[in-house]
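Engineer: I have a structure here, written as structure tokens, and I will follow up with some questions on it.
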Amino acid sequence: MKKSLATILSLALLLILAAACNGNPTPVSQDGDPNPGVNAPAADAPAANAPAADAPAAGSNEVVLTMGSWRADDVEQMNNLLAEYKKIVPNVTIRFQPTNPPEYNATLRVQLEGGTGPDLMYARSYATGVELFEQGYFADVTDIPGLTENFTASNLAPWQTENGRMFAVPFAAVSQVVYYNKDIFATHNLSVPNTWADFIQICQTLSDAGITPLANGIADEWDILECLVLGMIPNYIGGAENRILYETGQLAMNDSNFIDLYTDVQSVAPFLPAGFEAVGYNDSQALFATGSAAMFADGSWSLGIYDDVDFEWSVFAFPARNANDTAICFHPDMAITMNSATPHPEEARAFLEWLCTQEGATTASKALPVGFFPMINFPIQLDNPQANDCLALNSGRVTDARFIWPRLMDLYAPMVQEANALLRGTQTPQGAADAIVAAAS
């Protein structure tokens, strides 16, 4: 969700002054799958239930497809992508018609039930998408060439049923990482940490030098959970195969792995900004952008907003206690499917097939917002250098989705509360872990 740096800086003072007056902000995800009430549609973006354009004239070979989406911010980028596809398939025009994000699920269901759904559409992951597939609205795309061969099992899983049927083609993912000011690191002879102990030592060195190590705060309550905790969890439990053991209750979320996690989360509290309880997400971005904080735990969706800063910066992975255990939270965020009732199944399917090729994925990567990454196995070179750095962190490492997204979303609010309590010093690691287990049961 790209904001200009100028906007961030101009609003920062007002936001900081107002933060102390805020009550309990509603957690809000900043990536491509926002919670209700976050994003308004772009001014020129047609609603997803807008009437279709005039049909081609009789005898014309042109086919017009519509594409539904919750990404109302991406009209320009997607139009560029679809224009590139039209160069390859001149007789097919695909019209991008996004919906206001909070309204997408309900709007799409009304359309599909009424027989007016788009030909192509963004598919929600996990249970929401499975439901529409099992009700016959999403097509079965399992046998699309390249789908099962060119994507990893973990990247296919969010759009796969229990019996292995695929109902969408993975399109984009986001990462949770640590942004860092390379100039500050160089001045203090610091290098990217290999272990969590190294990371805490860097924080101490910066703090001793009078520099705020981390920009994060908790005025926007979701921030620490989504940008810090969920980014760290794979380092403590491993990949999807172990996550499933927690989802099914075979492992308890107050075992030694989670006690270690919450202990390390709490260890960053002394290195947050002064008055971090009143520092919101936009404030944190401003602190990092102005060089007032050396690091910022955030998602890759922010990679495009620091183009104008006057220092060198990059990103690194959250380091594990043991360097060999360092993993990446690489969260499958968007996929595209086709309407099982589209009058143009061949043309819709051909577009999905193209997305499963190296050519299609490379073209799509240039149209995606900065920080949203293609999920295909082929090596992709991105235009933004920091985006390349971020994507390269996946190489040779275990990756997995956000821990609670697949089956444990009921734990979102409790985990937000416990993470923030750890930083306030009003909860212990054992107490936080036990509270989550109680909430799960």
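Engineer: Would a scan of segment 339-359 turn up a residue that is part of a strand (DSSP E or B) and either modelled with pLDDT of 95 or more or over 24 Å from the mean Cα position of the chain (by Cα) (or both)?
Structural biologist: yes
Engineer: Please give the number of the condition LEU108 fails out of (1) closer than 27 Å to VAL370 by Cα; (2) surrounded by fewer than 22 Cβ atoms within 10 Å (Cβ to Cβ); (3) out of contact with any helix residue (DSSP H, G or I) (no Cβ under 7 Å at 6 or more places or on another chain); (4) outside the structural domain of ALA286 (by TED's automatic domain parsing).
Structural biologist: Among (1) closer than 27 Å to VAL370 by Cα; (2) surrounded by fewer than 22 Cβ atoms within 10 Å (Cβ to Cβ); (3) out of contact with any helix residue (DSSP H, G or I) (no Cβ under 7 Å at 6 or more places or on another chain); (4) outside the structural domain of ALA286 (by TED's automatic domain parsing), the lone unmet condition for LEU108 is (2).
Engineer: With the checklist (1) in a helix (DSSP H, G or I); (2) outside the structural domain of ALA127 (by TED's automatic domain parsing); (3) under 30 Å from ASN377 (Cα atoms) in hand, flag the one item LEU391 doesn't pass.
Structural biologist: Only one criterion is unmet by LEU391, namely (2).
Engineer: Let me ask something else about it. Could you list, in sequence order, the residues of segment 380-407 that are out of contact with any strand residue (DSSP E or B) (no Cβ under 9 Å at 6 or more places or on another chain) and crowded, with 19+ Cβ neighbours inside 10 Å?
Structural biologist: Passing the criteria: ILE404, PRO406.
Engineer: Among the numbered criteria (1) closer than 26 Å to ASN235 by Cβ; (2) touching a strand residue (DSSP E or B) at 6+ places or on another chain (Cβ under 7 Å); (3) of a type in the set (A, V, I, L, M, F, W, C), which one does PHE351 miss?
Structural biologist: Unmet for PHE351, out of (1) closer than 26 Å to ASN235 by Cβ; (2) touching a strand residue (DSSP E or B) at 6+ places or on another chain (Cβ under 7 Å); (3) of a type in the set (A, V, I, L, M, F, W, C): (1).
Engineer: Criterion first (modelled with pLDDT under 95, in contact with a helix residue (DSSP H, G or I) (Cβ under 6 Å, 6 or more places away or on another chain) and under 24 Å from ARG407 (Cβ atoms)) does TYR126 satisfy it?
Structural biologist: Taking the combined requirement at face value, the residue satisfies it.
Engineer: Let me ask something else. Which of the residues spanning segment 102-139 are in contact with a Pro (Cβ under 7 Å, 6 or more places away or on another chain) and under 24 Å from LEU156 (Cα atoms)?
Structural biologist: SER125, TYR126
Engineer: Can you say whether GLY239 is surrounded by fewer than 24 Cβ atoms within 10 Å (Cβ to Cβ) and more than 21 Å from the chain's Cα centre (by Cα), as far as the supplied structure shows?
Structural biologist: No, not satisfied.
Engineer: Still on this structure, please answer the following. Among the residues of segment 160-183, are any assigned by TED's automatic domain parsing to the domain that holds GLY231, surrounded by fewer than 16 Cβ atoms within 10 Å (Cβ to Cβ) and small (Gly, Ala, Ser)?
Structural biologist: Looking through segment 160-183, none of the residues is assigned by TED's automatic domain parsing to the domain that holds GLY231, surrounded by fewer than 16 Cβ atoms within 10 Å (Cβ to Cβ) and small (Gly, Ala, Ser).
Engineer: Let me ask something else about it. I'd like to check something: does segment 373-383 contain any residue that is more than 18 Å from MET78 (Cβ to Cβ) and either of a type in the set (Ser, Thr, Tyr) or outside the structural domain of VAL92 (by TED's automatic domain parsing) (or both)?
Structural biologist: Checked segment 373-383: no residue is more than 18 Å from MET78 (Cβ to Cβ) and either of a type in the set (Ser, Thr, Tyr) or outside the structural domain of VAL92 (by TED's automatic domain parsing) (or both).
Engineer: Pairs please, first residue from segment 195-221 and closer than 9 Å to PHE271 by Cα and in the same structural domain as ALA278 (by TED's automatic domain parsing), second anywhere and of a type in the set (Phe, Trp, Tyr) and in a loop (DSSP other than H, G, I, E, B), Cβ atoms under 7 Å, 6+ apart in sequence or on different chains.
Structural biologist: none
Engineer: Counting only residues that are polar (S, T, N, Q) and in contact with a Phe, Trp or Tyr (Cβ under 9 Å, 6 or more places away or on another chain), which one in segment 86-104 is nearest to GLU62 (Cα to Cα)?
Structural biologist: Across segment 86-104, the extreme among qualifying residues is THR99.
Engineer: Residues in segment 421-431 that are in a helix (DSSP H, G or I) and surrounded by fewer than 20 Cβ atoms within 10 Å (Cβ to Cβ): how many?
Structural biologist: Going through segment 421-431 one residue at a time, the tally reaches 4.
Engineer: Is it the case that PHE311 is in contact with a strand residue (DSSP E or B) (Cβ under 7 Å, 6 or more places away or on another chain) and buried (at least 24 other Cβ atoms within 10 Å of the Cβ)?
Structural biologist: no
Engineer: Working carefully through the options ASP283, ASP333, find the one that is charged (D, E, K, R), out of contact with any strand residue (DSSP E or B) (no Cβ under 8 Å at 6 or more places or on another chain), crowded, with 16+ Cβ neighbours inside 10 Å and touching a residue at least 40 places away in the same chain (Cβ under 8 Å). Before the answer, list the steps.
Structural biologist: Numbers: ASP333 fails: out of contact with any strand residue (DSSP E or B) (no Cβ under 8 Å at 6 or more places or on another chain).
Of ASP283, ASP333, the one residue that is charged (D, E, K, R), out of contact with any strand residue (DSSP E or B) (no Cβ under 8 Å at 6 or more places or on another chain), crowded, with 16+ Cβ neighbours inside 10 Å and touching a residue at least 40 places away in the same chain (Cβ under 8 Å) is ASP283.
Engineer: While we're on this one: Is it true that ASN394 is touching a helix residue (DSSP H, G or I) at 6+ places or on another chain (Cβ under 8 Å) and either aliphatic (A, V, I, L, M) or modelled with pLDDT under 95 (or both)?
Structural biologist: no
Engineer: How about segment 62-98: which of its residues are of a type in the set (S, T, N, Q) and free of Cβ contacts under 8 Å to residues at least 24 places away in the same chain?
Structural biologist: ASN79
Engineer: Which fully enclosed helices (runs of 4 or more DSSP H) of segment 167-281 have 3 or more residues being of a type in the set (S, T, N, Q)?
Structural biologist: Of the helices (runs of 4 or more DSSP H) lying wholly inside segment 167-281, those with at least 3 residues that are of a type in the set (S, T, N, Q) span 196-208, 256-266.
Engineer: Right, next: May I ask you to verify whether GLU84 is surrounded by fewer than 18 Cβ atoms within 10 Å (Cβ to Cβ), within 28 Å of LYS366 (Cα to Cα) and not small (Gly, Ala, Ser)?
Structural biologist: yes
Engineer: Here is a list of conditions, (1) among the small types (Gly, Ala, Ser); (2) in a loop (DSSP other than H, G, I, E, B); (3) surrounded by fewer than 16 Cβ atoms within 10 Å (Cβ to Cβ); (4) in contact (Cβ under 8 Å) with a residue 24 or more places away in the chain, and ALA413 meets all of them except one; can you say which number that is?
Structural biologist: Unmet condition: (2).
Engineer: Take the conditions farther than 27 Å from GLY239 by Cβ, buried (at least 16 other Cβ atoms within 10 Å of the Cβ) and out of contact with any Ser or Thr (no Cβ under 9 Å at 6 or more places or on another chain) and apply them to ILE218. Does it pass?
Structural biologist: Yes, satisfied.
The values are calculated or read from the model by the stated rules, or taken from the named source; none is laboratory data. Since this is a predicted model, take the numbers as computed values, not measurements. Reconstructed Cβ throughout: ideal geometry from the backbone, glycine too, with neighbour counts over all protein chains shown.
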